[in-house]
Structures are given as C-alpha cells and as structure tokens.
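The structure under discussion appears below in the form of structure tokens.
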Amino acid sequence: MTIEYLKRGKPEADRAEDDARTAAVVAATLKDIEARGDAAVRELAVKFDKYDRESYRLSEAEIEAIIAKVSPQEMADIRFAQEQVRNFAQAQRDSMLDIEVETLPGVILGHKNIPVQSVGCYVPGGKFPMVASAHMSVATASVAGVPRIIACTPPFNGEPNPAVIAAMHIGGAHEIYVLGGIQAVGAMAIGTETIAPVHLLVGPGNAFVAEAKRQLFGRVGIDLFAGPTETMVIADDTVDAELCATDLLGQAEHGYNSPAVLLTNSRKLAEETLSEIDRILDILPTAGTARVSWEDYGEVILCDSYEEMLKVADDYASEHVQVMTDRDDWFLENMTCYGALFLGPRTNVANGDKVIGTNHTLPTKKAGRYTGGLWVGKYLKTHSYQKVTTDEAATLIGEYGSRLCMLEGFVGHAEQCNIRVRRYGGINVPYGEGA
C-alpha cells in the first residue's frame, strides 16, 4: 500500500493536549454548576455569552415577539426544511415496530419502544446561528413522542436569534432557554433551582460542549459524541478541483478545529485542489475561520487504488463523507465507518446539514466505528417483556431454568423456577435441588 500525504494537519499528540486541556476545564465547570446551580450558570453566561437576564427561560410572550421578527420567506424556508426532517424521521419511526411473539406454546415475548421522558436539545449559535440543529434535535424528538423537550441556544450578537427560536418553537420545544456552552449542557443534565434535569442530552456543539456531554454520560444519556465538524471528500478524476475545494472549505468554516480531508487517487486533482483552496480562501468571507481550520486540520491524501481509499476512509471514520467517483455505489456498499455519506457530485454536505431531511447530528472523533448519527430511534428505549400463560409452559421453562441456575451455583435463582414447577406442574422438587 502506498499512501502519500501531500498535506498533513496538526499532529495527534498536539490534538491530545488540546483535548486534555478541554477536559480539565469542563470537569471544573460541571462541578461548579452542581455545587452552585443557577448562580454558577449565571456567572458563566455573563462571562462567556455576555448575556444576563432575570430568567434565561423565554416566556411565551417573548417567544411570540422574537418569532415575529422572522420574515415570511425565512419562515417558509424553516417550515420546508423542518417538514423534510419530520418526514424522514416519521418514516424511520414507522420502521420501528413493537413486537410480541409466542416462541413456545404458552411463552409470550415482546418489546415496546417507549419514548425517553425528557430530553435536552443543545442548538449551537455563538459563531453561527444553527437554525437547522433545532430541526434535527427538537423536531425529531417531537416525532418520537418525547413528553418534555427543552432546548438551549446561546445568544447571537447579544440576543436570541429569531430564526433559531422559531425553529425550536415550531419543532415542539416545551421550554426554551437562552444559554450556551458548558453552562447550558450542565444545567440541563444536572439541574438547577429553576431547570429540572433531563434524561437525555442531544445535539452538536464545540469541543467544550462535546466534552461536557461525554463527562455527563451515565448521569444522563447522550445521543453520541458530536464535536467539531469533520469532512472527508473522496474523489477521483471524474470531478474537478473547484468542486472538491468548495466542499472542503464549506465545512472548514464551522470552526478553528474542523478537520477537512481530501482522499484521492489522482495526483493532478490533489495538486489542483490545493491551489484552488488557496484561491477561494482569498475571497471567502469566512476565511478567517476556514483558513485556520484548513492550515491546522486540513489534509490531502493520495492513494494508489480505490481499495486503499476505502481502507483509509474507514480508518478515519469521518463525520461527513462526500463521495464523487466513478463508483459511488461501491463505496456505499463497502464502507462501514462514517457519520453520513453524500453520494455523487449533485449531492453535498450543506444540503444534508440544512434541508434534505437526514439528521445532521453525526458522530465525530472516530465514533462512527460504533454508532450512527442522531435519529428518531435515539429518543426511544426498547424494553422487553415476557409472559408465561400455561401450566405446561411454566413447568417446561421452569425445569430448564432450574437446572441452568444450579449449573452456575445460584440456588435462590433455581428455587424461583422450582416453585413454579411445584405449583403448576405437580412435581415435587425439594428446596435447593434442580428440577
């Protein structure tokens, strides 16, 4: 295998140091929120969001006034996007069936899909107001039937962003708070004097939000590890450098630490894409962010074959994978580790992020090796149940159960089986002896 890096990002050791510093800050902050509740949350909001108010929860009247600032065209666009997300989420929900089967005569087994009873949705918005994230978390929770949906988003330019609040409200949020960062995630998970804790945290965020979710996992559920945006473009000579550069920088503008990787078997495309990126960065309004991200986290990897490209792609397990080759469906069939695939030059990550209908909250930092992205099923808990309805079944299962319990040395367990054998089978089994 011959893999050549025409450009590499920040070394893994440096990235690990960044992660360690972030983890320490998050741990101290969460401890402070747990100890001091609302007071700690307020101090953090004033310090980081430069925002203070009597209550960080918006009243119904405030929500209506804020939404009134959204233009008719913007509202129509929000509703259209949210409808696409709801439609796909509903199709996914409809595929998840409650089941009940009779596995043996008189033995009934089943499962029910029960919504999580409360969820906290984090919608980023400090640098860019992430309107689409409200669809992905709030509206999808609504489709799942979650009875208490709360949503937090930081202020944008000193006030709640009208489009984000509109998307949260239309999506079905029952409580909306203007809070960002660790303080928002911590308050929703830990709870304060004024915010009741939730059972599940969902939504993307920066490195601090992602680390806070990781540290809070166990106290509450989380959807997945969704940190800074990652993108990978897998391309061959069927596409051009402008398309590749645009798709890479379109995601690099998210933040200063958003990895963007070009994976190709064409040296010509690789070199031309590097030049095209330089050209676009000179005219891109968000180049102040995208340039830093590209310089520190951008990579260009040249492979000899499609098989090599596939192996590297699965190893990276990138959040977004844009495939533009002469065999896109081959990658769909064979790739196993990623957040979401965007197949063909007509498709792009931005449409997936904003409007097409799939969920944009996706695994990062190689979490795509063990989980997919946020979807309606993340809000549902599949609980099993069992029921024995005949004496014959109670006796048969009890006899097997008793012997298997004794095989492991669990005498008390065995007696749970034995008493059923005695009651329903008329078989006298002394206490402590298997059937």
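Laid out as a table, the results:
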{"item": "DSSP beta bridge pairing in the chain, given as percent antiparallel to the nearest 5", "result": "40"}
{"item": "Charge tally in the Cβ shell below 9 Å around Glu175, where Lys, Arg are +1 and Asp, Glu are -1, Glu175 excluded", "result": "+2"}
{"item": "Phe217-Thr389 pseudo-label distance in nm [points 7 Å out on the Cα-to-Cβ vector]", "result": "4.0"}
{"item": "Alpha-carbon spread of the chain, three principal axes, descending order, Å", "result": "87, 61, 43"}
{"item": "Stokes-Einstein diffusion coefficient of segment 1-147, Kirkwood radius over Cα pairs, 37 °C, 0.692 mPa s, in µm²/s", "result": "158"}
{"item": "Estimated FRET transfer efficiency (Leu343, Glu159; beta-carbon r; R0 51 Å; 0.05)", "result": "0.80"}
{"item": "Size-normalised alpha-carbon gyration radius of segment 144-260, reference 2.2 N^0.38 Å", "result": "1.29"}
{"item": "FRET efficiency estimate (nearest 0.05) - Cβ-Cβ, Ile3 to Trp330, R0 22 angstrom", "result": "0.70"}
{"item": "Carbon + sulfur, % of accessible area of segment 1-140 - ligands and nucleic acids excluded, 1.4 Å", "result": "56"}
{"item": "Helix 267-281 vs. the chain, principal-axis angle (Cα, 0 to 90°, nearest 10)", "result": "70"}
{"item": "Segment Thr382-Ala28, length gained on full extension (0.36 nm per residue, minus Cα span)", "result": "124.0 nm"}
{"item": "Residues Asp278 and Gln84, FRET efficiency given R0 of 45 Å [Cβ-Cβ distance, rounded to 0.05]", "result": "0.80"}
{"item": "Integer Hz, Karplus 6.51/-1.76/1.60 couplings in order for segment 11-18, x for Gly and Pro", "result": "x, 4, 4, 5, 5, 5, 5, 4"}
{"item": "Residues of the chain: accessible area per residue with a 1.4 Å probe, Å²", "result": "46"}
{"item": "Label-point separation, Glu307 to Glu62 (7 Å along Cα→Cβ), nm", "result": "6.1"}
{"item": "Listed residue pairs exceeding 28 Å between alpha carbons, taken from Lys127/Lys354; Lys10/Lys381; Lys69/Lys127; Lys47/Lys213; Lys10/Lys268", "result": "Lys10/Lys381"}
{"item": "Mean Cβ neighbour count within 10 Å, used as a protection proxy, ranking 360-373, 243-256 highest first", "result": "243-256, 360-373"}
{"item": "Residue of Val131, Val25, Val233 that the Gaussian network model of the chain assigns the largest fluctuation, springs spanning Cα pairs under 10 Å", "result": "Val25"}
{"item": "Spacing of the two label points (7 Å from each Cα toward its C-beta) at Ala76 and Arg423, in nm", "result": "6.6"}
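The values are calculated or read from the model by the stated rules, or taken from the named source; none is laboratory data. Values in this document were obtained by computation on a predicted structure and should not be read as measured data. Heads up, the Cβs are rebuilt from the backbone with ideal geometry, glycines too, and the neighbour counts pull from every protein chain shown. Each accessible area value is taken on the protein alone, full model and side chains, heavy atoms only, with ligands, DNA and RNA left out. Shrake-Rupley method; radii C 1.70, N 1.55, O 1.52, S 1.80 Å.
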